[in-house]
Each structure stands twice: as structure tokens, then as C-alpha cells.
Amino acid sequence: MITITYQGLNYEAKADESVLDTLLRHNIDIPYSCHAGVCNTCVMVCDGNEVPDNATRGLKDTLVDQGYFLACQYVPLESVTVRKAEQFGLFCQTMVLEKTVLSEHVCRLRLQPAADLYYRAGQYINLRMPNGEIRSYSLASLPKQDDFLELHIKRMPDGLVSNWLFDEVQQGDTLDIQGAFGDCYYLPKSPDSNILMIGTGTGLAPLIGILRDAITSGHTGQIRLYHGDRNSDGLYLDDDLRQLAATYQNIHYTPCVSSLGEHDKQDVFQGRATDRAFADNKDLKNSLVFLCGSPEMVKSARKLAYLNGADMKNIYADPFVSKELRHDKGNVNNELPISKDRRHPE
């Protein structure tokens, strides 16, 4: 029998079960996120045992040497003692430079890190509450132009972290962040390729960063961005995107809502962003595709992009997984794609 010792108590592990899954099955509340070894939220420390390479992938050598590992990837073959990571070298501090309410349910935070942070527009960072709760948020900022980190925070029903950020955090406050992570970002290797972007909700945040990066890099191919939400209040950067599309001839923006209101603009598409996007883009051969938002949208849009000719290696996806979905492990593992497998805010 393999046991996992944590905080002085022993927990029996099932066959082929990770340290994370064993602890969660025994109702131990520890931070976790993607269940795929990407986000680094579930980092723990192992005392004494040798940890396989797949459970330390992406961690600094100095941390690996101290026994740090990814709990979601470590399937022990013998009994092991683990403990919480002390977070040395994992988090750094940032100061809130600006907080702006963009809509009833979305606010924008601009943060100034205490130390330089290397990242690419479209990646994400982990943000930690004082009580230890951790959530992931995508970066809408562009390191080439911005001296701050920009996050778009959507208020989630009963969301512990999002409501704290929305209601309590103010300009001048200090926040702990970790990262950046993820590979959903622009590479200037095919500047004449067409780009299709589909985002739902605050899935727009990484797309904004990627779009700005493409513009700055001199991308000449056609860039088509489709942003969808339930109603027009969710189109929280509608005016900015319209102005951007009017400024650049190769940028096209289509707002989409499930339910049109009587005061909505006439060119707002009523229906799902994916429906309009794939009706407009039937040939995606040699195109780059970026999908950011709900796991359901990401899953269906990836399939449709492939059926419309996109090469799988050119489809970049970033699903925003809420707390409710994370508790259903089968859902998470089935819905999340090959690259940016992680949760998103609540």
C-alpha cells in the first residue's frame, strides 16, 4: 500500500493516482489549477524521495534540488512525505497602479512588478490572495510597449478571488504574482498568414495582447477578431476594438451577443461568436487560430478550425476553467487542450 503523508497524517493512494488527486480525494484543500502540469499552482515539496522528471518539468533547477515538484504530475511508486511549498522563488510582489471598471462585471487591473518579469503577450500569471487562494489571469499588456501588467477581471458568482479583486483591492495595494506561463502567444514567423481570433468573456484579454503584438511586429496578413458574450455589457472593449479596426486595414472586428437589446448597435451579430467566425472563415489553410474563453467554446472551435483546414500546430487555445468545472476532473481533462491547460478566475 502506498501512503502519502501530509501534515502528520497518512492518506492511502490508489493505483496510478497523483499526489494531488489523492489529497483532493481525502478532502484536503490545497491549491491547484490545470491538472496538466502547466500552471505551477500545485507546487509542493517532497522530503527524501526521488521525483520523476515529468513532475518537475518547468521548475527552476534550484527548486528541484530542494524537492519541489508538481503534485498533479507526481504518481508515487512508494510511500512519500510531502508538505506545502514555502513559495520561495515562486511569487513576487506587484503594486496596483490602476483599477478601472470596464463594465458591470469586468474591471481592469494594471500592476507594477517589484522586479522585471519576462513574458509574452497572451501568457498568464497566477495571483495569490493573502489567505493563500490562487487564481490564473491572462495578460493583456504588451512588454514591448507597456511598463505594467494588465489583467481583465470578471466577477464570477460567489467567486472568492474575483470578488475580492473587484470589491476590495484598490490602487496602491500590493499583490503576489507568479509566472508568466502558457504558450498561447504570437510568433512573428509567418507575418503574411491570416489570423483568426475567437474569444468569449474575458477571453478577450489574451487576444488583445496577441493582437497588439502582431501589430507591433508588422503583421501583414488579415486579422479577424470575434468577441462574444451573452449581452452587449460583456463587450467591454467594444469602442476600443472598433477604433483599432478603423485604424488598421488588415484588422476586422465582429462583436457577437446571444441576446440583442433594443439599444444595441445594428452591426452586432446575434448568435455565438463561433457560428459567425466559421461562417466567415471557411478556408483556414495556413492560417493561425487563437481561441480563448470557455472550455466548451474552445473544444468545439478547435474541431471546427481543423475541419476548415487549419493545421493543429497552428491552433493556439486558452480555456478559462471555472471552479465548478475543476471539481469534475473528467470534465477538465477532456475539455482542456494540448497547450494552455489551466483554470481561470472565480
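Listing for the model above:
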read-out	value
Y186 of a type outside the set (S, T, N, Q), modelled with pLDDT of 95 or more, not in a helix (DSSP H, G or I) and not assigned by TED's automatic domain parsing to the domain that holds L149	no
Answer residue from the range 211-243, given it is touching a Gly at 6+ places or on another chain (Cβ under 8 Å) and of a type in the set (S, T, Y) and is farthest from N281 (Cα to Cα) among those	S232
Residue under evaluation K99, criteria (1) modelled with pLDDT under 90; (2) within 24 Å of Y124 (Cβ to Cβ); (3) surrounded by 15 or more Cβ atoms within 10 Å (Cβ to Cβ), criterion not met	(1)
Those residues of the range 147-170 which are part of a loop (DSSP other than H, G, I, E, B), closer than 16 Å to L97 by Cα and touching a strand residue (DSSP E or B) at 6+ places or on another chain (Cβ under 8 Å), in sequence order	D147, F148, V169, Q170
Residue within the range 286-295 that is crowded, with 18+ Cβ neighbours inside 10 Å, at pLDDT below 95, outside the structural domain of S138 (by TED's automatic domain parsing) and assigned to a helix (DSSP H, G or I) present	yes
Every residue from the range 239-266 that is under 23 Å from A301 (Cα atoms) and buried (at least 18 other Cβ atoms within 10 Å of the Cβ)	L241, I251, Y253, T254, P255, C256, V257
Search result, residues across the range 59-79 that are part of a loop (DSSP other than H, G, I, E, B) and without any contact (Cβ under 8 Å) to a residue 24 or more places away in the chain	L59, Q66, G67
Yes/no for M1 being at pLDDT 95 or above and over 30 Å from N231 (Cβ atoms)	no
Residues of the range 164-178 satisfying the condition of being surrounded by fewer than 18 Cβ atoms within 10 Å (Cβ to Cβ) and more than 18 Å from the chain's Cα centre (by Cα)	W164, D167, E168, Q170, Q171, G172, D173, T174
Restricting the range 90-117 to residues that are part of a loop (DSSP other than H, G, I, E, B) and acidic (D, E), the residue that is farthest from D173 (Cα to Cα)	E104
Members of the range 27-50 found to be in a loop (DSSP other than H, G, I, E, B) and either touching a Pro at 6+ places or on another chain (Cβ under 9 Å) or on the phi > 0 side of the Ramachandran plot (or both), listed by number	N27, H35, G37, N40, T41, C42, G48, N49
Conditions (1) assigned to a helix (DSSP H, G or I); (2) out of contact with any helix residue (DSSP H, G or I) (no Cβ under 7 Å at 6 or more places or on another chain): number failed by T274	(2)
Among the candidates I223, I195, I208, residue that is crowded, with 20+ Cβ neighbours inside 10 Å, of a type in the set (V, I, T) and within 19 Å of the chain's Cα centre (by Cα)	I208
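Yes/no matrix, rows are residues, columns are (1) within 13 Å of D318 (Cα to Cα); (2) charged (D, E, K, R); (3) part of a helix (DSSP H, G or I); (4) not assigned by TED's automatic domain parsing to the domain that holds V298:
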{"residue": "A205", "(1), (2), (3), (4)": "yes, no, yes, no"}
{"residue": "I210", "(1), (2), (3), (4)": "yes, no, yes, no"}
{"residue": "A214", "(1), (2), (3), (4)": "no, no, yes, no"}
{"residue": "G218", "(1), (2), (3), (4)": "no, no, no, no"}
{"residue": "Y226", "(1), (2), (3), (4)": "no, no, no, no"}
{"residue": "Y236", "(1), (2), (3), (4)": "no, no, no, no"}
{"residue": "D239", "(1), (2), (3), (4)": "no, yes, yes, no"}
{"residue": "Q243", "(1), (2), (3), (4)": "no, no, yes, no"}
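The values are calculated or read from the model by the stated rules, or taken from the named source; none is laboratory data. Bear in mind that the values here come from a model prediction, so they are computed numbers and not experimental data. Here Cβ is always computed from backbone atoms with ideal geometry, including for glycine, and neighbour counts include all displayed protein chains.
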